[in-house]
Amino acid sequence: MSDILLSINPEFVDKIISGEKHYEYRTRIPKREIKKIIIYCTFPTMKVLAEAEIKNVLEMSPEKLWKMTQHYAGISKVRYLKYFEGHDIAYAYELGNVKVYQKQKSLSEFGCKNAPQSFVYVE
């Protein structure tokens with residue numbers, strides 16, 4: 001099992017850390033099985049702030065996924081549907097325990113030079 005580093009917008013990072021958002025949505029996922037997401041908070045923070053265990057990976061139509069996850073989506077339905085527009089399959093990582101780092105970390109601490117557009121495996 002692998003870990004991945006994801007770039008996530010600050011508003012969603014805050015919702016993940018607060019426990020309001022239990023799902024991280026993606027239009028594509030890695031081929032390897034993932035045990036943990038390393039959370040990189042994008043501009044203006046631009047630091048790695050936390051990590052989250054993966055309880056489950058959901059894969060289904062955007063409509064079915066919304067019905068299943070909407071109460072802990074941390075995103076409006078309008079924004080969700082816009083994100084998945086043109087996609088027949090939607091993915092969501094169901095997040096488990098979230099560990100916030102006491103000290104923010106740089107990407108280089110995870111072997112990355114730049115923030116990933118989608119994801120990057122980290123060891």
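The values are calculated or read from the model by the stated rules, or taken from the named source; none is laboratory data. This is a predicted model, so every value here is computed, not measured. A quick note on method: Cβ atoms are made from the backbone with ideal geometry, for glycine too, and the neighbour counts reach across all protein chains shown. The accessibility values were calculated without ligands, DNA or RNA, using every heavy atom of the protein model including side chains. Shrake-Rupley method; radii C 1.70, N 1.55, O 1.52, S 1.80 Å.
3J(HN,Hα) couplings calculated from phi for region 75-89 with the Karplus curve 6.51 cos²θ - 1.76 cosθ + 1.60 (θ = phi - 60°) are, in sequence order, 8, 6, 4, 4, 5, 4, 5, 5, 4, 9, 4, x, 10, 7, 10 Hz; Gly and Pro show x. Only DSSP H runs of four or more residues enter the estimate; each adds -39500 (n - 2.57), and after division by the residues of the chain the mean residue ellipticity at 222 nm equals -5000 deg cm²/dmol.
Relative to the current alpha-carbon distance between residue 42 and residue 102, full extension at 0.36 nm per residue lengthens the span by 19.8 nm.
Taking the Cα atoms of the chain, the ratio Rg/Rh between the radius of gyration and the Kirkwood radius comes to 0.94. Near the amide H of residue 61, within less than 5 Å, lie the amide hydrogens of 90, all on another chain or at least 5 residues away, with H placed in the peptide plane. Neighbours of residue 65, meaning other residues whose beta-carbon lies under 13 angstrom from its beta-carbon, give a summed charge of -1 when Lys and Arg score +1 and Asp and Glu score -1. Spin-label pair residue 67-residue 121: with each label point 7 Å from Cα along the Cα-Cβ axis, the two points sit 3.6 nm from one another. Note on residue 105: lysines with a C-alpha under 29 Å away, same-chain residues under 8 apart excluded, are 15, 21, 31, 35, 36, 47, 55, 113. In this structure residue 118 has an accessible area near 20 Å², from a 1.4 Å probe over the protein heavy atoms. Each Cα pair under 8 Å and six or more residues apart adds its separation to the average, and for the chain the resulting relative contact order is 37 percent. DSSP beta bridges fully contained in the chain are about 75 percent antiparallel.
In this simple spin-label approximation, residue 57 and residue 32 carry label points 7 Å from Cα along the Cα→Cβ vector, and these lie 1.1 nm apart.
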